[in-house]
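Chemist: Just passing along the structure, written as structure tokens.
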Amino acid sequence: MARYHLDARLAQDIIARTVRVIDCEVLVVDVRGRIIGSSDREQIGELHEGALRLLARSHLPSHESDAAFFTQQPEVCLPLHLDSELAGVIVLRGESGSLRQYAELVAMTAEMMLVQAHRLNAQQQESRQREELVLSLIHHDQLAPSLLVWADLLGIDPCLPRVAIVIEVESDVQDADAVLSALQQLQHLPHSLEAGDLSTLVSLTELVVLRPALNSAGEFDADSHRQRIEHWQSLLQDQSPLRVRFALGNYFTGAGSVARSWRTARTTLRVGKQRQPEAHGFFYQDLVLPVLLDNLRGGWQANELARPLSRLKELDSNGLLRRTLITWFRFNVQPSATARALSIHRNTLEYRLNRVSELTGLDLTDFDDRLLLYVALQLDE
């Protein structure tokens, strides 16, 4: 039998399309001989004797089995085929003179609709399989054997090096349909996703794209992925009024590399929104240290690291010393560059830094103490 058979919904679509142009009764019968579509709903579920007889002849040579089958009533039965396999029977009742002509036209139309439905079903099934494959890649370090088989059938190499990009639509929007539409729009915009890209919705507000990580030279070029993200941003800016954010993860090798890339992309997004709430694109390569430190948040290690900075914040009511410290680190602890950036004298800078040492109990000339304070500032942003 055909891989895709008539169902009740398609049968009624055939009926609805037919009765608009042909003044006769139309039935659609499945391969078991049961009526699944009819302009007279009361007949649905009944066995059709003429269709059963036609189905019984399906084992005969095609020139015999495909012939129209006339019953004693003024009706004609014609077989419906999909990929040369019997998929059902179309039955017309009415004036005998025009039945055969009408039946052939209806059968031709029904087979075209069946082919379209079959193709759509195959596309939907392939889409679901691709989505399941992507979800497995980001959630597991190893693919199940069954998914490896599906990957091969879909022509996807699950071992191809990939890097994850997370795309998020702002979650405070009340219209869930609009959020979902924006994400689906990116998947279907012309010239957005490229050949080799894999994508799926992870939630109602998040889409993940797994891009081939390496360029033609076999190297990971973060800038090329950055340019692709900027291209997507420009596309969506013209197409959607919603705020959409992008985050590029890190590239890894070995087992579970895609899952790790996805986790770094999500963390990059979270950290980026905290540090630059107005920005739309975040990149792991720009936020390596705060992303790596993010897992410390809420733990005892973070509390210990924050203790010296907490004392400074308590006693630095206007935040002057903290801003000075941040600028000092930004200019690689170079006093002249820091003083110029703050428009102060070097002696004033030295006084402030000495005051920071007094309040925190840390020696800013000691590398370990500097590092502790720098990490505490990273966790505090």
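Chemist: Only Lys, Arg, Asp and Glu count, each charged at its Cβ (+1, +1, -1, -1), so figure out the dipole size of the chain about its Cα centre, rounded to 20 debye.
Modeler: So the magnitude is around 1340 debye.
Chemist: Hey, another quick one. Could you tell me the center-to-center distance, by alpha carbons, between segment 118-132 and segment 199-257 in angstrom?
Modeler: Centre-to-centre distance over Cα atoms comes out at 23 Å.
Chemist: Rounded to two decimals, what is Rg over Rh for the chain when you use alpha-carbon atoms and the Kirkwood radius?
Modeler: Ratio value, two decimals: 1.25.
Chemist: If r is the Cβ-Cβ distance from ALA217 to ALA178 and R0 is 45 Å, what FRET efficiency results, to the nearest 0.05?
Modeler: Efficiency, from the Cβ-Cβ distance: 0.65.
Chemist: Top to bottom by accessible area (1.4 Å), largest first, where do CYS24, CYS77, CYS159 land? Could you put the intermediate results ahead of the total?
Modeler: Details: CYS24 25, CYS77 0, CYS159 115 Å².
Heavy-atom accessible area, descending, gives CYS159, CYS24, CYS77.
Chemist: Can you give the log10 of the normalised intensity I(q)/I(0) at q = 0.09, 0.14, 0.19 Å⁻¹, computed with Debye over equal Cα scatterers of segment 238-373?
Modeler: For segment 238-373 at q = 0.09, 0.14, 0.19 Å⁻¹, log10 I(q)/I(0) is -0.39, -0.83, -1.13.
Chemist: Using the Karplus equation 6.51 cos²θ - 1.76 cosθ + 1.60 (θ = phi - 60°), what ³J(HN,Hα) coupling, rounded to whole Hz, does each residue of segment 20-32 give in order, writing x for Gly and Pro?
Modeler: 6, 10, 10, 8, 7, 7, 10, 10, 10, 10, 7, 6, 8
Chemist: Which length gain, in nm to one decimal place, applies between GLU46 and MET112 when the Cα-Cα distance is subtracted from 0.36 nm times their residue separation?
Modeler: Contour length minus Cα-Cα distance gives 21.2 nm.
Chemist: Express the carbon and sulfur contribution to the solvent-accessible surface of segment 200-248 as a percent, rounded to the nearest whole number, probe 1.4 angstrom.
Modeler: Within segment 200-248, the accessible surface is 43 percent carbon and sulfur.
Chemist: By how many degrees, 0 to 90 and rounded to 10, does the Cα axis of helix 257-275 deviate from the longest principal axis of the chain?
Modeler: 60 degrees
Chemist: Might you tell me the accessible area per residue for the chain, computed with a 1.4 Å probe and given in Å²? Kindly include the intermediate steps, with their values, before the conclusion.
Modeler: Values: 20910 Å² over 381 residues.
In whole numbers, the chain has 55 Å² accessible per residue.
Chemist: Each residue of segment 127-132 in turn: what ³J(HN,Hα) in whole Hz from Karplus with 6.51, -1.76, 1.60 and θ = phi - 60°, glycine and Pro shown as x?
Modeler: Rounded to whole hertz, the list is 4, 5, 5, 5, 4, 4.
Chemist: Also, quick follow-up: Once both axes come from the Cα atoms, what is the angle between helix 145-154 and the longest principal axis of the chain, in degrees from 0 to 90, rounded to 10?
Modeler: On a 0 to 90 degree scale, this one is about 70.
Chemist: Using a 7 Å offset from the Cα along the Cα-to-Cβ direction at both ARG297 and ARG128, what is the distance between the two label points in nm, to one decimal?
Modeler: Taking the two extended label points, one gets 3.7 nm.
Chemist: Give a residue-ordered list of calculated ³J(HN,Hα) values for segment 355-368 (Karplus: 6.51 cos²θ - 1.76 cosθ + 1.60, θ = phi - 60°; whole Hz; x for Gly, Pro).
Modeler: 5, 4, 4, 5, 6, 8, x, 10, 8, 6, 8, 9, 4, 4
Chemist: Once you have the Cα-Cα distance between GLU350 and ALA16, take 0.36 nm times their residue separation minus that, and quote the gain in nm to one decimal.
Modeler: That pair, GLU350 and ALA16, stretches by 111.7 nm at full extension.
Chemist: With a 1.4 Å probe and all protein chains kept in place, how do TYR284, TYR251, TYR374, TYR351 rank by accessible area, largest first?
Modeler: My answer, sorted largest first, is TYR351, TYR374, TYR251, TYR284.
Chemist: With each pseudo-label sitting 7 Å past Cα toward Cβ, what's the ARG243-SER39 distance in nm, one decimal?
Modeler: Simple spin-label model gives 5.8 nm for this pair.
Chemist: As I understand it, the value is the acute angle between the Cα axis of helix 320-330 and the longest principal axis of the Cα atoms of the chain; what does it come to in degrees, rounded to 10?
Modeler: 70 degrees
Chemist: Roughly speaking, to the nearest percent, how much of segment 290-381's 1.4 Å accessible area is carbon and sulfur?
Modeler: Ligands and nucleic acids excluded, carbon and sulfur reach 50 percent.
The values are calculated or read from the model by the stated rules, or taken from the named source; none is laboratory data. These numbers come from a predicted model, not from an experiment. All Cβ positions, glycine included, derive from the backbone under ideal geometry; neighbour counts span all protein chains shown. Surface areas here come from the heavy atoms of the whole protein model, side chains and all, with no ligands, DNA or RNA. Shrake-Rupley method; radii C 1.70, N 1.55, O 1.52, S 1.80 Å.
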